[in-house]
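In what follows, a structure is listed as structure tokens, so that the remarks can point back to it.
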Amino acid sequence: MKLMIINGPNLNLLGKREPEVYGKTTFEDYFKQLQEKFPDVALEYYQSNIEGELISKIQEVGFDYDGIVLNAAAYTHTSVGIGDAVKAVETPVIEVHISNTHQREEYRHVSYISPGAKGVILGFGLQSYDLAIQSFLS
Ligand code: DQA
């Protein structure tokens with residue numbers, strides 16, 4: 001099982017960024033925990049702050065990998081391009097969010113990713129990624 005986690009803008013600052021919303025753990029530390037928890041999964045991680053790079057990565061892995069776990073972060077609410085990429089590829093995409101975006105500002109209630117996603121997991125903190133990986137294993 002080959003899975004790619006793709007994180008969008010500002011998620012490189014996890015641990016420092018608004019810890020009351022996103023927690024105090026860096027994604028690098030959490031990624032190590034995921035690798036230890038799922039030793040049989042070939043788990044990879046990619047982060048970019050640039051919309052086009054996220055689209056290129058989705059295209060690159062989206063005909064080969066078994067699953068993509070995508071937190072497009074702020075681009076979730078704005079990017080027709082990333083939404084189209086999710087629809088264009090064959091690999092199933094699970095949309096994840098750390099926070100419950102529906103409890104937050106209204107502009108975060110819209111997702112351009114959800115229509116093309118296999119499923120959506122949000123509001124469980126970093127555990128949202130763990131739950132998304134588990135969904136590919138069941
Ligand atoms: C986020 C929610 C988005 O609204 C926000 O722009 C992010 C992170 C989350 O994981 O909770 O950067 O995707």
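Among the residues making up region 101-124, those that are open to solvent by 20 Å² or more (accessible area, probe 1.4 Å), within 14 Å of the chain's Cα centre (by Cα) and closer than 25 Å to Glu20 by Cα are Ser111, Val120, Ile121, Leu122, Gly123, Phe124. On inspection, Gln127 does not qualify as more than 13 Å from the chain's Cα centre (by Cα), of a type in the set (S, T, N, Q) and at pLDDT 95 or above. Looking across region 81-104, the residues that are more than 13 Å from Leu54 (Cβ to Cβ) and β-branched (Val, Ile, Thr) come down to Thr91, Ile94, Val96, Ile98, Thr101. Of Lys37, Lys57, all but one fail to be under 18 Å from Val93 (Cα atoms) and basic (Lys, Arg); the exception is Lys57. How many residues does region 68-87 contain that are open to solvent by 70 Å² or more (accessible area, probe 1.4 Å) and either among the aliphatic types (A, V, I, L, M) or away from the ligand (no atom under 15 Å from the Cβ) (or both)? Result for region 68-87: 3.
Can Gln59 be described as open to solvent by 70 Å² or more (accessible area, probe 1.4 Å) and among the polar types (S, T, N, Q)? Considered against the rule, which asks whether it is open to solvent by 70 Å² or more (accessible area, probe 1.4 Å) and among the polar types (S, T, N, Q), Gln59 comes out as yes. Counting only residues that are in contact (Cβ under 8 Å) with a residue 12 or more places away in the chain, open to solvent by 30 Å² or more (accessible area, probe 1.4 Å) and within 11 Å of the ligand (Cβ to nearest atom), region 3-30 holds 3 of them.
The values are calculated or read from the model by the stated rules, or taken from the named source; none is laboratory data. Every value quoted in this text rests on a predicted model; they were computed, and no experiment measured them. Cβ coordinates were reconstructed from backbone atoms using ideal geometry, including for glycine residues, and neighbour counts include every protein chain displayed. Quick note on the areas: whole protein, heavy atoms, side chains included, nothing else; ligands and nucleic acids left out. Shrake-Rupley method; radii C 1.70, N 1.55, O 1.52, S 1.80 Å.
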